[in-house]
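Asker: Handing you this structure, nothing more for now.
The values are calculated or read from the model by the stated rules, or taken from the named source; none is laboratory data. What you see is a predicted model; the values in this text were computed from it and never measured. We place every Cβ from the backbone using ideal geometry, glycine too, and count neighbours over all the protein chains shown.
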Amino acid sequence: MFQFNRNYFILTILLFLLEIVIALFVHDNFLRPYFGDFLVVMLLYCFLKSFLNVSVWVAASFVLLFSFAIETAQYFNMVEKLGLEHYKIAKVVLGNSFAWMDLLAYVLGILAVISIEKFTLKRENKIQ
């Protein structure tokens with residue numbers, strides 16, 4: 001089950017750097033809020049696949065459920081309820097505002113991951 005995958009780890013680093021660039025330098029009403037959420041599920045998926053040898057469906061499902069759980073925590077203002085509102089890292093990781101569109105961005109991001117994986121796996125099987 002535990003297995004390091006260099007390719008997914010490299011993708012994790014690249015997606016993380018892209019998220020940092022978006023957070024620091026993009027201040028619009030689309031890329032930062034929605035594309036960032038679209039990419040974050042890809043980042044989490046690649047991070048998970050960097051260390052765990054699980055199926056695409058298991059990894060994608062876990063990441064989507066985790067993302068929905070974080071968004072639900074935002075809905076219930078968990079940062080405040082846990083007394084963490086003064087910690088910037090808590091606000092960054094858990095977020096502080098619920099948005100239905102974030103859930104859609106997560107779903108679209110996971111659908112993109114599944115599509116890419118399906119295409120990649122199908123292509124690899126044809127080569128072998």
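Asker: Only residues that are of a type in the set (S, T, N, Q) and at pLDDT 95 or above: list them for segment 4-40, please.
Answerer: Taking segment 4-40 first, the residues of a type in the set (S, T, N, Q) are 5, 7, 12, 29.
Correct list: ASN5, ASN7, THR12.
Asker: Scan segment 109-118 and give yes if some residue there is under 19 Å from ARG32 (Cβ atoms) and exposed (fewer than 12 other Cβ atoms within 10 Å of the Cβ), otherwise no. Give the derivation first.
Answerer: Of all residues in segment 109-118, those under 19 Å from ARG32 (Cβ atoms) come to 109, 112.
Of the ones still in play, those that are also exposed (fewer than 12 other Cβ atoms within 10 Å of the Cβ) are none.
No, segment 109-118 has no match at all.
Asker: Looking at this structure, is VAL63 surrounded by fewer than 17 Cβ atoms within 10 Å (Cβ to Cβ), closer than 30 Å to ARG6 by Cα and within 20 Å of the chain's Cα centre (by Cα)?
Answerer: On the way: surrounded by fewer than 17 Cβ atoms within 10 Å (Cβ to Cβ): no; closer than 30 Å to ARG6 by Cα: yes; within 20 Å of the chain's Cα centre (by Cα): yes.
In short, no.
Asker: Any residue at all in segment 8-31 that's within 11 Å of the chain's Cα centre (by Cα) and in contact (Cβ under 8 Å) with a residue 60 or more places away in the chain?
Answerer: Step one: list which residues in segment 8-31 are within 11 Å of the chain's Cα centre (by Cα), which gives 12, 15-16, 19.
With the extra rule that they be in contact (Cβ under 8 Å) with a residue 60 or more places away in the chain, the set shrinks to none.
Within segment 8-31, not a single residue is within 11 Å of the chain's Cα centre (by Cα) and in contact (Cβ under 8 Å) with a residue 60 or more places away in the chain.
Asker: If you check PHE47, PHE25, which single one turns out to be among the aromatic types (Phe, Trp, Tyr) and surrounded by 13 or more Cβ atoms within 10 Å (Cβ to Cβ)?
Answerer: PHE47
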